[in-house]
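Following: one structure in C-alpha cells, then a few remarks.
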Amino acid sequence: MKDKKLYIPGPTEVRKDVIEEMNQCLFGHRSDTMTDLYTTIVEDTKKFLETDNNVIVLSASGTAFMESSILNLVDNKVLSATCGSFSERHANIAERLGKNVDRLEYEWGKAVKPEDVRKALEKDDYDAITCVMNETSTGIRNPLEEIGEVMEDFPDTMFIVDAISALGGDYIDIEGSNIDVIFTSVQKAFAMPPGLAVCVVSGDAYDKEVNSDSSSWYGGFQRSIDYYNRKGQTHSTPAISLMLAYRKQMKYMLEEGYENIDKRHKEMAEFTREWAYEHFDMFPEEGYMSQTVSTIKNTRGINIAELREKVDEKYNMAFANGYGSKLKEKTFRIGHMGIHDVDSIKELTDAIEDVAGL
Ligand SMILES: Cc1ncc(COP(=O)(O)O)c(C=O)c1O
C-alpha cells in the first residue's frame, strides 16, 4: 500500500525512523533497560514541556486520563466547560462515574470565557473544573492562560485540561497557567503512533488524590508517580515498542524545541486560515482559532464526502469531514500538527483546489 499522507486531526504523520524504532527485540519490563527507557522518556517530556510537575506516560489513549482525572480528583462536584463533542465527553464520563456535574455550556464554535468560569466558581464549591484546550470537533482553542488566572483565586478547585489535540503543537505554560492536570494522546501533535497517553500532574493534584474517597487503579496518579519515583518504571506492563518510538521522537522534539515547534504550528494555522478565507470561511469564533486543527465552513455547499474521496483517490491524502452529524457536511477539518509544515499543508490545499475546481 502506498503511504497515505494524513491531514486528519490524529493520527498524523509519523517519521519513518520513529516507526522503525519499534522493530527491536523486546526486554522485560522490570529490567534495567526498561528503567533506562522509561526514565528517559519521562525526563525528556518534562524538559520538552518545560514543567517540574510529575509526568506519567501510560499505555492507553488519552481518554483514559479523561476518566481517571475525574475518579482521582472529584469526590462530589465538578464543573465541566463544554463547547463541543470532546468537552461534552468529559462531562459525560463524570456523570457515568456518578459525579455531580454542572455544565458551563457554549454553543459549538464558541470558546469558554474566563469571566463565566469565575462566576460559576463563585456560585458553588467544586472539586474540579474540566476544560478542553483545543476542541477538535469545532477547531476552538480555549483561552487557558486567562482561565488559569481565574483559577489562581480558587486554589481548592483542580484545573483539569484535556489538551489531546494541542499539547506539543501549541505552547502552554503549565505551572504559569495554574493547571493541575493536563494530558494528551501521542498520535496528535507528538507525531507518534497511537497507544500512549501523557499526563502532567501537579503536586496539589497528587495530594488531592491521596486524600480523596476514590481513585482509579490503572489511571491512578499516585500509583504511577510513586512507582516511577521508587523504581523508574510503570506499574504494569507497558507498550515497550511504542516507548522506544517515543524516545526517538522526543529527541527530535527536544532538538527543534517547543518554541520553534509552536512557531511552525502557528505558521501552518495562519496559512490554512488565509486559504480558507480566500475560498470558504472559518467556523470557529474569531480570536479563538486552533493552532493545530482548522475547521473550515463549507460555504460553497460542496459534497465533502465526495471531495475527500476524490482527493484520496487522486492524491492519496486524507483530511477530515466535519465532526458529528451537526457539522459533517457543514464544515471540513484540516489537521496541521506534528511534523507537517506550511509546504506540506500547501500540498493538501493545492490538491483540494484542483479536485474542487477552486
Ligand atoms: C480534544 C480531544 N479529547 C479527547 C479525544 C480522544 O482521544 P483518544 O481517542 O486518543 O483517547 C480526542 C480525539 O480526537 C480529542 O481531540
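The values are calculated or read from the model by the stated rules, or taken from the named source; none is laboratory data. Only a predicted model underlies this, so the values are computations on that prediction, with no experimental measurement involved. A quick note on method: Cβ atoms are made from the backbone with ideal geometry, for glycine too, and the neighbour counts reach across all protein chains shown.
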Test for residue 197: is it among the aliphatic types (A, V, I, L, M) and assigned to a loop (DSSP other than H, G, I, E, B): no
From the list 26, 58, which one is in the same structural domain as residue 113 (by TED's automatic domain parsing), in contact with a helix residue (DSSP H, G or I) (Cβ under 7 Å, 6 or more places away or on another chain) and within 16 Å of the ligand (Cβ to nearest atom)? 58
Please go through region 134-153 and pick out each residue that is assigned to a loop (DSSP other than H, G, I, E, B) and surrounded by fewer than 24 Cβ atoms within 10 Å (Cβ to Cβ). 143, 152, 153
Selected residue (only one of 228, 246 is within 18 Å of the chain's Cα centre (by Cα) and in a helix (DSSP H, G or I)): 246
Which residues, counting only those in region 200-218, are in contact (Cβ under 8 Å) with a residue 60 or more places away in the chain and in a helix (DSSP H, G or I)? 203, 205, 206, 208, 209
Can you tell me which of 42, 112, 117 is in the same structural domain as residue 224 (by TED's automatic domain parsing), outside any helix (DSSP H, G or I) and among the aliphatic types (A, V, I, L, M)? 112
Which one is farthest from the chain's Cα centre (by Cα) among residues in region 189-224 that are crowded, with 16+ Cβ neighbours inside 10 Å and of a type in the set (Val, Ile, Thr)? 201
Residues of region 1-48 satisfying the condition of being aliphatic (A, V, I, L, M) and without any contact (Cβ under 8 Å) to a residue 12 or more places away in the chain: 1
Hey, could you check region 155-166 for residues that are farther than 17 Å from residue 80 by Cβ and within 15 Å of the chain's Cα centre (by Cα) and say which is nearest to the ligand (Cβ to nearest atom)? 165
Just checking, does region 76-87 include any residue being in a loop (DSSP other than H, G, I, E, B), within 15 Å of residue 164 (Cα to Cα), within 14 Å of the ligand (Cβ to nearest atom) and of a type in the set (S, T, N, Q)? no
Just to be sure, is residue 67 part of a loop (DSSP other than H, G, I, E, B), within 19 Å of the chain's Cα centre (by Cα), surrounded by 17 or more Cβ atoms within 10 Å (Cβ to Cβ) and modelled with pLDDT of 95 or more? no
Is it fair to say residue 122 is more than 16 Å from the ligand (Cβ to nearest atom) and closer than 21 Å to residue 286 by Cβ? no
In region 57-108, the residues that are within 22 Å of residue 148 (Cα to Cα), without any contact (Cβ under 8 Å) to a residue 40 or more places away in the chain and not acidic (Asp, Glu): 82, 89, 91, 94, 101, 103, 104, 106
Suppose the filter is away from the ligand (no atom under 16 Å from the Cβ) and either assigned to a loop (DSSP other than H, G, I, E, B) or more than 27 Å from residue 45 (Cβ to Cβ) (or both); does residue 176 pass it? yes
Condition met for residue 159 (aromatic (Phe, Trp, Tyr) and in a loop (DSSP other than H, G, I, E, B)): no
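Yes/no per residue for (1) within 16 Å of the ligand (Cβ to nearest atom); (2) aliphatic (A, V, I, L, M):
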{"position": "153", "(1), (2)": "no, no"}
{"position": "168", "(1), (2)": "yes, no"}
{"position": "180", "(1), (2)": "no, no"}
{"position": "194", "(1), (2)": "yes, no"}
{"position": "198", "(1), (2)": "yes, yes"}
{"position": "215", "(1), (2)": "no, no"}
{"position": "219", "(1), (2)": "yes, no"}
Residue hits (region 309-334; among the charged types (D, E, K, R) and either buried (at least 19 other Cβ atoms within 10 Å of the Cβ) or touching a helix residue (DSSP H, G or I) at 6+ places or on another chain (Cβ under 6 Å) (or both)) are 310, 329, 333
